[in-house]
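The values are calculated or read from the model by the stated rules, or taken from the named source; none is laboratory data. These figures come from a predicted structure and were not determined experimentally. Virtual Cβ from ideal backbone geometry, glycine too; neighbours counted across all protein chains shown.
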Amino acid sequence: MTHAARRLALACSIVLVIPLSQARTPVASGTGGAVATISEQASQSAMAILDKGGNAIDAAVAAAATLGVTDPYSCGIGGGGFMMIYLAKDKRVIAVDHRETAPASVTPTVFQENGKDSDFDATLASGASVGVPGTVRGWHEALSRYGTMSFKQVLAPAIGVATKGFEVSDNFHRMSAENQKKLQLFSSSSALFLKNGKPLAVGTVLKNPGMAKAYRDIGAQGQKAFYQGPIARAIVDAVGKPPVAAGVRVRAGAMTMADLANYEARIRQPIKTTYRGYEVYGMPLPSSGGIAIGEALNLLEGYNLKTLPRASAEHLYMEASRLAFADRNAYLADPEYVDAPVAGLLSKDYAARRRTQMNAERAGPKVLAGDPYPFQNDPSVPQRPQAARLLADNAHTTHLTVSDKDGNVVAYTFTIESWGGSGIVVPGYGFLLNNEMTDFDFSGPHPNVPEAGKRPRSSMAPTIVLKSGKPAFTVGSPGGATIITTVLQTIVNHVDFGMPMDKAINAPRLSQRNDAATDAEPGFAGSAQALALEKLGYKWRAKAEEIGAANAIVFNADGTVTAVSEGKRHGVGSALVQKSAN
Ligand code: GLU
């Protein structure tokens, strides 16, 4: 967007969006159910379902379906995700994995051409990048096992938003502008999200009748409406013969009706680790999120962070992250295909050994993966995979969290991978298909190479933290591999530095992922905090970008709840409680 256009958009947003953002509250405390999402409409959908007597699982699906309408570039039924659920009655945490799978036609060399990795950007905007979507199946499993309402009931609010439309915000406009070239490649995508090839002006009401129809069909026929029949056929066609604009050529994928009909979600045991008296439940493989966060917390437990100067404590947080990322990159992938040394990586004894590689005074160089195999309870045949290449982290997602009056809690991260996913809107149904296959490593040998039916390794990290067996707080974020550092940093801010959750979320984010440079947000470089870290050897990546968009709920000791969303990132988030404390 040109400077003038940005100014104009800003001016329009001031006229048209201020009433909306004034209505948004990024922090809300009270009793009963609570919700935090990045979209006001999504939080309202969750509240409507809670007010009708639905539980947190029902409300989470309602919010997610609405985010599929208002935040279609981040998430939706064309993608997949991970839902973490605390069931109050059973006092247990379970994880619903509905990550996309590679179609049956995929081979380990699918992203290599003439012995080299395929071009990343060209692969991303193509049918070949699309994994078999898991979201609808995940919602089905969550609702039918742990919910109380039908698809029809929980999709109703989202159908309302898709039918009546929503105002294009400055943020939505900016994302459209950033993805304009990708959306222009596909006629169905330009027709929905652009006007004459340009982003819709701020304040335009965007209606999505195709999305409303898809939700109505799912409401009437259940998940089968998505995995068999006309929607499945439309997906297979869009992947195999992408609906390109005149003169455009992109690579096709080879997804079949059988790939869709055979898709299954998985109910998984979460990762559990302890940290300073808290029990931290994180997402297991195929997400690396829970394991990397667990390992980093184990490393940090060896230091009394709250007694250290802020820069020294932040340095240790970044070193722990560096070491955890080296291990994550080397060992983690879909557990149905790879025997990853999870127990070893999460063992406190392994952390004690690995901690000896942390220099408390100085930012370290890039490190190699450690050797967790001697710390496995059941040692598997050691493999020594090469370190993965660093993947681009400009990609995004959404995270939401809901609790209900009975104490059930949902932390849910779902995605279509990059902003705008593959860029392909499924004709007639108004949703974007993911490009999740680009989360595989393109070349091996590596545990995370593509294979038929395999789930690409993720970083998503919906996290539920208990204390003395009761929910203490929940947190999660979008942001590709920075999800791991955002969740880790927020936990450290809250638990070690004692920040209230809104301050923990709004604090400047730093992300060190075993690279020479560290990511910091715009405005951080030059600050006193940055200078103190530079003295310890930190270098900031030249291009500073906003990191993540977290949402959290804190369960206070007096029985009240505090829902917290972003105060300034990704627009302003929306936190609501059923009965306000005021
Ligand atoms: N595809 C990413 C993952 O699963 C999420 C995308 C993002 O948050 O940017 O880790």
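Can you say whether I553 is aliphatic (A, V, I, L, M), farther than 14 Å from P500 by Cβ and in contact with a Ser or Thr (Cβ under 6 Å, 6 or more places away or on another chain), as far as the supplied structure shows?
Criteria not met by I553.
I'd like to know if the stretch 120-127 contains one or more residues that are farther than 20 Å from Y429 by Cα and buried (at least 20 other Cβ atoms within 10 Å of the Cβ).
yes
Among residues belonging to the stretch 437-467 that are of a type in the set (S, T, Y) and within 12 Å of the ligand (Cβ to nearest atom), point out the one that is surrounded by the most Cβ atoms within 10 Å (Cβ to Cβ).
Residue satisfying both the conditions and the ranking: S459.
Can you give me the number of residues within the stretch 572-582 that are more than 17 Å from L50 (Cβ to Cβ) and surrounded by fewer than 23 Cβ atoms within 10 Å (Cβ to Cβ)?
2
Name the residues in the stretch 542-566 that are closer than 12 Å to A36 by Cβ and part of a loop (DSSP other than H, G, I, E, B), would you?
Across the stretch 542-566, the qualifying residues are A549, A550, S565, E566.
Condition check: among the charged types (D, E, K, R), touching a helix residue (DSSP H, G or I) at 6+ places or on another chain (Cβ under 7 Å), at pLDDT 95 or above and within 16 Å of the ligand (Cβ to nearest atom). Does R355 satisfy that?
In short, no.
Any chance the stretch 67-89 includes a residue that's in contact with a Lys or Arg (Cβ under 6 Å, 6 or more places away or on another chain) and at pLDDT 95 or above?
Yes, because at least one residue in the stretch 67-89 is in contact with a Lys or Arg (Cβ under 6 Å, 6 or more places away or on another chain) and at pLDDT 95 or above.
Which ones in the stretch 429-484 are β-branched (V, I, T) and over 29 Å from A520 (Cα atoms)?
V449
Could you check, for the stretch 376-387, whether at least one of its residues is under 26 Å from T490 (Cβ atoms) and at pLDDT below 95?
No; the residues of the stretch 376-387 include none that is under 26 Å from T490 (Cβ atoms) and at pLDDT below 95.
When you scan the stretch 456-478, how many residues do you find that are more than 20 Å from A60 (Cα to Cα), touching a residue at least 40 places away in the same chain (Cβ under 8 Å) and assigned to a loop (DSSP other than H, G, I, E, B)?
Here the count works out to 4.
Just give me the residues in the stretch 229-284 being of a type in the set (S, T, Y) and touching a residue at least 24 places away in the same chain (Cβ under 8 Å), in sequence order.
T256, Y263, T273, Y275, Y278, Y281
Say we look at the stretch 86-100 and pick out the residues that are assigned to a strand (DSSP E or B) and of a type outside the set (D, E); which of these is nearest to E417 (Cα to Cα)?
So the residue we want is H98.
Does Y337 satisfy the criteria of being free of Cβ contacts under 8 Å to residues at least 60 places away in the same chain, of a type in the set (F, W, Y) and not in a helix (DSSP H, G or I)?
Criteria not met by Y337.
Mind listing whichever residues of the stretch 468-516 are in contact with a strand residue (DSSP E or B) (Cβ under 6 Å, 6 or more places away or on another chain), of a type in the set (S, T, Y) and away from the ligand (no atom under 16 Å from the Cβ)?
Result: T474, single match.
Which count do you get for residues in the stretch 497-523 that are over 18 Å from R322 (Cβ atoms) and either in contact with a helix residue (DSSP H, G or I) (Cβ under 9 Å, 6 or more places away or on another chain) or assigned to a helix (DSSP H, G or I) (or both)?
The qualifying residues number 12.
May I ask you to list pairs of residues, at least six apart or on different chains, whose Cβ atoms are under 8 Å apart, with the first in the stretch 188-216 being over 15 Å from T70 (Cβ atoms) and the second being assigned to a helix (DSSP H, G or I) and of a type in the set (F, W, Y)?
The qualifying pairs are P199/F193; A214/F226.
Within the stretch 410-422, identify whether any single residue is β-branched (V, I, T), away from the ligand (no atom under 16 Å from the Cβ) and in contact with a strand residue (DSSP E or B) (Cβ under 9 Å, 6 or more places away or on another chain), and answer yes or no.
Within the stretch 410-422 (the criterion being β-branched (V, I, T), away from the ligand (no atom under 16 Å from the Cβ) and in contact with a strand residue (DSSP E or B) (Cβ under 9 Å, 6 or more places away or on another chain)), the answer is yes, since at least one residue qualifies.
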